[in-house]
Amino acid sequence: MSDKTFYITTPLYYANDELHIGHAFSTLAADIMSRFQRSMGRKVYFLTGSDEHGQKVEQAAKAKGLTPIEHTDKLVAKFKSLWTLLDITYDDFIRTTEERHEKVVTYVLNKLWEQGDIYASEYSGWYCTPCERFWTEKEVPDKICPDCHRPVQEITEKNYFFRMSKYQQKLIDHITANPGCIKPESRRNEVLGFLRKPLNDLCISRPKSRLQWGIELPFDKDYVTYVWFDALTNYISAAGYPYDMEKFNELWPANAHLIGKDILTTHAVYWGTMLLALGLPLPMCIYAHGWWVTGQGKMSKSVGNVINPRELVATYGLDPFRFYLFREMIFGQDATYTKENFTNRYNADLANDYGNLCNRMLPMLMKNREGIFHKTEATLDQTKEIIALAKQTKENFVKGMEDFAFNEALEHVWTFIQRLNKYVDETAPWKVAKEGNTTLLDEIFYTIGEAIRFVSVLVTPFMPNLAPKFLAQIGCPQSMNFTIKDLEWGQLPEGTKCGEPKPLFPRIETERIQALKSGKPAKQAKEEKAPKAKAEEVSTDGVITFDDFMKTELCIGKIETAEKVENADKLLKLSVNIGEEQPRTVVAGIAAYYKPEDIVGKQVLMVKNLKPAKIRGIMSHGMLLCAETEDGNLALMTPSIPAKTGIRVH
Ligand code: ME8
């Protein structure tokens with residue numbers, strides 16, 4: 001790993017409107033990567049900012065009765081307050097209206113003008129005002145903008161052009177020789193495909209008669225600079241070019257420009273050729289991630305399907321929000337946000353898997369070993385397996401992160417957490433405590449404690465507030481300041497005393513759980529305020545007769561098959577053998593707690609004579625009995641020893 005400062009950037013978001021989770025996602029990706037790199041011992045420079053010139057901003061300000069700068073000042077304050085809320089650790093926030101930026105744009109324009117890479121020409125084309133771009137006759141046969149689908153107008157005017165075409169072959173050669181320079185691979189292929197056609201030169205000016213709000217061209221006072229030419233330059237202006245070359249040489253080339261796939265061409269082609277013309281190295285990697293979409297496609301204000309990050313943070317907390325976005329999206333592909341899917345992720349991964357580990361172990365440690373971890377030799381095969389897996393998990397996590405595969409990195413950690421929960425089941429420390437085998441008990445506790453430390457250090461870039469709280473719960477002093485780089489098994493000191501156990505991820509109560517608790521189907525449980533009872537059959541204190549009870553036929557069933565129900569994260573479709581000719585199909589809301597492969601073969605208690613009901617198009621006939629566990633999980637009721645399948649339960 002080189003000593004160069006890891007320089008990472010986000011797009012400069014348009015200061016024309018407020019930000020949504022799509023923008024938050026790009027900035028969080030850069031934040032998580034920055035935190036990870038710092039934890040790997042590297043120096044980091046993390047740049048974000050605001051794109052403040054151009055027609056979109058000018059129009060948005062006008063609509064509000066403000067001057068452009070009054071308008072952008074207000075929005076920039078909102079951008080910054082969102083980044084504070086999301087705990088974004090940027091090193092620099094650049095505004096394209098700042099003098100330090102404007103003077104670099106002027107420098108670049110002058111340099112390219114003087115070297116002949118910018119020229120004036122009469123231009124006639126079809127202009128789209130909202131997109132601020134020209135289209136050729138061929139590109140708009142129906143006179144509708146291919147991007148925003150609004151009408152375009154024919155305009156003929158003198159403009160200034162950057163000789164993008166001159167650098168086309170150089171750019172192709174660079175992208176071909178550097179496979180990692182545009183990621184993922186599919187986006188690199190997209191750019192190479194685009195470059196197969198001859199590139200037009202880029203119109204980099206706008207006459208002031210049409211647009212006032214921009215950086216004036218140094219060689220023609222009647223024009224301002226095209227907003228993309230201006231904005232892209234931020235990546236070098238913030239890095240010190242050309243006035244602080246010491247800083248610039250430490251930072252440039254950028255390690256990563258994180259962007260969404262919508263602005264790939266501007267970054268890979270416009271920016272790439274601009275840098276080639278300036279004689280500067282190209283960024284090491286442009287990473288174009290996918291979009292967050294809702295049921296109605298890509299989020300946009302005009303469609304009205306925008307998810308506000310502030311609301312999600314207020315509802316679920318910051319760290320679960322940060323975690324969800326990266327666990328759910330395969331970086332590079334699109335992902336769909338739904339409330340249901342958020343709740344399921346939270347309950348399954350955070351409340352159950354991660355939160356549970358601490359909640360299960362710490363009270364036992366306090367009860368049996370006065371809350372103290374003792375370092376012992378690893379004697380059990382399972383302990384040795386956990387230690388080996390911890391090391392492997394760190395390696396896989398680091399590899400995933402270095403490759404921007406955030407979700408893969410997290411996947412490795414969660415596989416480890418799930419193995420740990422099994423370790424607790426297999427080693428059954430509550431039994432070992434009863435037998436009085438304190439050496440073995442210490443081995444088990446230390447293994448779990450050390451594993452929680454491993455997990456918490458790894459996930460700190462994603463959950464910078466709660467992961468350290470897990471470390472505090474197992475007693476790690478803050479001063480130990482564990483880093484991913486130095487993470488080794490066995491660093492939890494002998495004699496560490498655990499802190500106060502507190503559930504850090506309280507379960508989100510879904511309608512289904514409320515229904516399970518109340519014993520009513522979800523819809524009914526929601527609709528019914530008070531259970532209806534027949535006065536003549538049920539006494540006023542809720543006591544039922546033997547005959548009433550006997551109306552409910554309970555039996556032992558054996559789960560033969562289990563599979564997830566498509567598009568329903570909470571449901572499993574089970575076929576349950578209850579000794580009848582055909583197994584029963586039962587749809588159960590347990591997918592957040594049980595994986596299909598874990599419950600096949602299990603015996604369960606089932607209500608046999610429940611009226612069949614259609615759930616998600618599947619006829620479900622029967623209901624499994626479940627109970628909430630002390631730590632907020634859901635336990636399927638099973639016989640304590642194998643019983644006869646199909647037998648009635650009294
Ligand atoms: O394009 N899902 O600014 P912008 C994921 N000013 N990411 C999304 C998203 C979504 N639904 N919506 C937006 C601009 N983004 C220019 C950039 S850079 C020199 C100039 C993110 O405010 C994503 O990173 O329209 C996308 O590329 C960016 O916001 C666009 O932000």
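The values are calculated or read from the model by the stated rules, or taken from the named source; none is laboratory data. It should be emphasised that the depicted structure is a prediction, and the values quoted were computed from it without experimental measurement. Positions of Cβ are generated from backbone atoms using ideal geometry, with glycine treated the same way; all protein chains shown enter the neighbour counts. Side chains included, ligands, DNA and RNA excluded: accessible areas come from the protein's heavy atoms. Shrake-Rupley method; radii C 1.70, N 1.55, O 1.52, S 1.80 Å.
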Rounded to two decimals, the Rg over Rh value of region 302-398 from Cα coordinates and the Kirkwood Rh reads 1.11
Quote the relative contact order of the chain in percent (integer), defining contacts as alpha-carbon pairs under 8 Å separated by 6+ residues. 10
Using Cα-only point scatterers and the Debye equation, what is log10 of I(q)/I(0) for region 1-157 at each q in 0.14, 0.17 Å⁻¹, rounded to two decimals? -0.95, -1.14
May I have the convex hull volume per residue, in Å³, for the Cα set of region 340-458? 98
Semi-axis lengths (Å, descending) of the ellipsoid that matches the C-alpha gyration tensor of region 289-335: 19, 16, 6
Structure-based [θ]222 nm, the chain - -39500 (n - 2.57) summed over DSSP H runs of at least 4, per residue, nearest 500: -11500 deg cm²/dmol
Taking the dipole about the Cα centre of the chain, with the C-beta of Lys and Arg at +1 and of Asp and Glu at -1, give me whichever of ALA409, TYR7, THR273 is farthest to the positive side. ALA409
Multiply the residue gap between ASP222 and VAL600 by 0.36 nm, knock off their C-alpha separation, and tell me the result in nm, one decimal place. 128.6 nm
What pairs in LYS103/LYS247; LYS111/LYS166; LYS614/LYS644 have C-alpha atoms more than 20 Å from each other? LYS614/LYS644
All alpha-carbon distances of region 78-190, grouped into 5 Å bins from 0, give the whole-percent distribution 2, 9, 10, 9, 13, 19, 20, 12, 5, 1
What the 10 Å binned alpha carbon P(r) of region 160-225 shows, as percent of pairs per bin from 0, is 20, 32, 23, 23, 2
Given R₀ = 45 Å, what would the calculated FRET efficiency be for LYS62 paired with ASN110, taking r from the Cβ atoms and rounding to 0.05? 0.90
Among GLN582, TRP228, THR129, whose Cα projects farthest towards the positive end of the dipole of the chain, with charges put on the beta-carbon of Lys, Arg (+1) and Asp, Glu (-1)? GLN582
Quick one: if you stick a label point 7 Å off each Cα along the C-beta vector at HIS374 and ASP3, how many nm between them? 4.7
Where trypsin sites (Lys or Arg not before Pro) fall in DSSP loop in region 350-391, at most 15 other Cβ within 10 Å: LYS375
Counting pairs of alpha carbon atoms under 8 Å apart in space and at least six apart in sequence, what relative contact order in percent does region 183-232 give? 29
Rounded to whole angstroms and listed largest first, the alpha-carbon spread of region 187-286 along its three principal axes comes to 39, 38, 23
Are there DSSP H segments in the chain that both extend 30 Å or more along their axis (alpha-carbon positions) and score a mean Kyte-Doolittle hydropathy of at least 1.0? List them, or say none. 438-459
Suppose each label sits 7 Å from its Cα in the direction of the beta carbon; what would the SER186-GLU311 distance come out to in nanometres? 2.9
Using the Cα atoms as the points, what is the convex hull volume per residue of region 10-55 in Å³? 57
Computed lengthening from GLU500 to ASN421, 0.36 nm per intervening residue step minus Cα-Cα distance: 26.4 nm
Counting only protein heavy atoms and leaving out ligands, DNA and RNA, the solvent-accessible surface of PHE219 at a 1.4 Å probe, in Å² to the nearest 10, equals 40
For the chain, the Cα convex hull volume per residue in Å³ comes to 210
If amide H atoms are built 1.01 Å from N in the plane of the peptide, which residues on other chains or at least 5 residues away come under 5 Å of the amide H of ILE647? ILE556
Output for region 33-88: trypsin sites (Lys or Arg not before Pro) sitting in coil per DSSP, at most 15 other Cβ within 10 Å, listed by number, reads LYS43, LYS64
Kirkwood Rh in Å, taken over all unlike Cα pairs in region 104-263: 17.6
Over all directions, what mean area does the Cα convex hull of region 304-361 project, stated in square nanometres? 4.6
Express the relative contact order of region 210-255 as a whole percentage, based on alpha carbon pairs under 8 Å and six or more residues apart in sequence. 21
Protection proxy (average C-beta count within 10 Å per residue), highest first, orders 432-438, 125-131, 321-327 as 321-327, 125-131, 432-438
Kirkwood Rh over alpha-carbon pairs of region 236-335, then Stokes-Einstein at 10 °C and 1.306 mPa s: what D in µm² s⁻¹, rounded to an integer? 98
Among HIS20, MET245, SER456, whose Cα sits farthest toward the positive end of the charge dipole of the chain (+1 at Cβ of Lys/Arg, -1 at Cβ of Asp/Glu, about the Cα centre)? HIS20
Where Rh is the Kirkwood radius over the Cα pairs of region 562-644, the temperature 10 °C and the viscosity 1.306 mPa s, what D in µm²/s does Stokes-Einstein return? 119
Scattering profile of region 60-107 from the Debye formula, Cα beads only, expressed as log10 I(q)/I(0) at q = 0.15, 0.16 Å⁻¹, is -0.53, -0.60
Ranked highest first by the average count of other Cβ atoms within 10 Å around their residues, in what order do 148-156, 291-299 fall? 291-299, 148-156
Region 253-289-region 115-143 distance, computed between alpha-carbon centres (Å): 22
Protection proxy (average C-beta count within 10 Å per residue), highest first, orders 196-202, 89-95, 336-342 as 89-95, 336-342, 196-202
